[in-house]
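Heads up: the structure comes next, in structure tokens.
The values are calculated or read from the model by the stated rules, or taken from the named source; none is laboratory data. Since the model is a prediction, treat every value here as computed from it, not as a measurement. All Cβ positions, even for glycine, are placed from backbone atoms using ideal geometry, and neighbour counts span all protein chains on display.
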Amino acid sequence: MHIRKLLFATLIVAFAMAATPSRASADWYFTPFIGANFGGDADFVDVDDFGDEFEQRIDFGAAFGWMGGGIIGWEIDLGYSPNFFENTSTSFDFGDSNVTTLMGNIVVGIPVGGQTGPGIRPYGSGGIGLIRTHVGAGDFFDDLSSNDLGINVGAGVHGYFTDNIGIRGDVRYFRSLQDNEPDDDFDLALADFDFWRATIGVTFRFGN
């Protein structure tokens, strides 16, 4: 996939979010989180009934978002998972490896109890962005890095104790995309690399 196409698509998402009109009843939130990846699979080798499955790995990051007075908002989600491709069941050492995700999402969430004081907001979200993978192959091979477009869909709930402080639980699915026509038309399709992420974090709500 050409880098310029990746950058162009990312800029479209960023400008669309920036153009969202602000309203007096809107609120902003910032959620640093920690969690784990699970169910990861890559299918690096094209053999029937074979899949490169990855162990659970810690993931941490932050989400920054805006919710309107109704149920629609947007969010930027940044996650980082060190040692993503490490396999402790064998003695082979991949070296340093990690996965970074940066997603721009549309959020649909219902504020049960209002937008001030105690309450909850269950939500669903999804969007598109960057999935960056890096594998340090050690002393015998070159490092491998890839910047790809990816999608994510997820759901969770914000639970607020006060006007400004709460917690958030989130479960999210990530999958990379590939260009089936790299030398011709831009034809996106689902790629083999995917994984799930479950996180919990402290939410700071402000601006209402």
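For Gly119, only one of the following conditions fails: (1) modelled with pLDDT under 85; (2) of a type outside the set (D, E, K, R); (3) over 22 Å from the mean Cα position of the chain (by Cα). What is its number?
It fails just one condition, (1).
Could you check the stretch 159-203 and list, in sequence order, the residues that are modelled with pLDDT under 95, more than 17 Å from the chain's Cα centre (by Cα), of a type in the set (A, V, I, L, M, F, W, C) and assigned to a strand (DSSP E or B)?
Within the stretch 159-203, Leu188, Ala189 qualify.
Would you confirm whether or not the stretch 86-100 contains a residue that is touching a strand residue (DSSP E or B) at 6+ places or on another chain (Cβ under 6 Å), at pLDDT below 85 and exposed (fewer than 15 other Cβ atoms within 10 Å of the Cβ)?
So far as the stretch 86-100 goes, no, none of its residues is touching a strand residue (DSSP E or B) at 6+ places or on another chain (Cβ under 6 Å), at pLDDT below 85 and exposed (fewer than 15 other Cβ atoms within 10 Å of the Cβ).
Tell me which residues, restricted to the stretch 104-137, are without any contact (Cβ under 8 Å) to a residue 60 or more places away in the chain, closer than 20 Å to Trp74 by Cα and crowded, with 18+ Cβ neighbours inside 10 Å.
Passing the criteria: Asn105, Val107, Gly109, Pro111, Arg121, Tyr123, Ser125.
What is the number of the single condition among (1) at pLDDT 85 or above; (2) exposed (fewer than 13 other Cβ atoms within 10 Å of the Cβ); (3) of a type in the set (Asp, Glu) that Asp46 does not meet?
In the conditions (1) at pLDDT 85 or above; (2) exposed (fewer than 13 other Cβ atoms within 10 Å of the Cβ); (3) of a type in the set (Asp, Glu), Asp46 misses (1) alone.
For the stretch 49-71, give me each residue that is surrounded by fewer than 16 Cβ atoms within 10 Å (Cβ to Cβ) and modelled with pLDDT under 95.
Asp49, Phe50, Gly51, Asp52, Glu53, Glu55, Gln56, Ile58, Gly69, Gly70, Ile71
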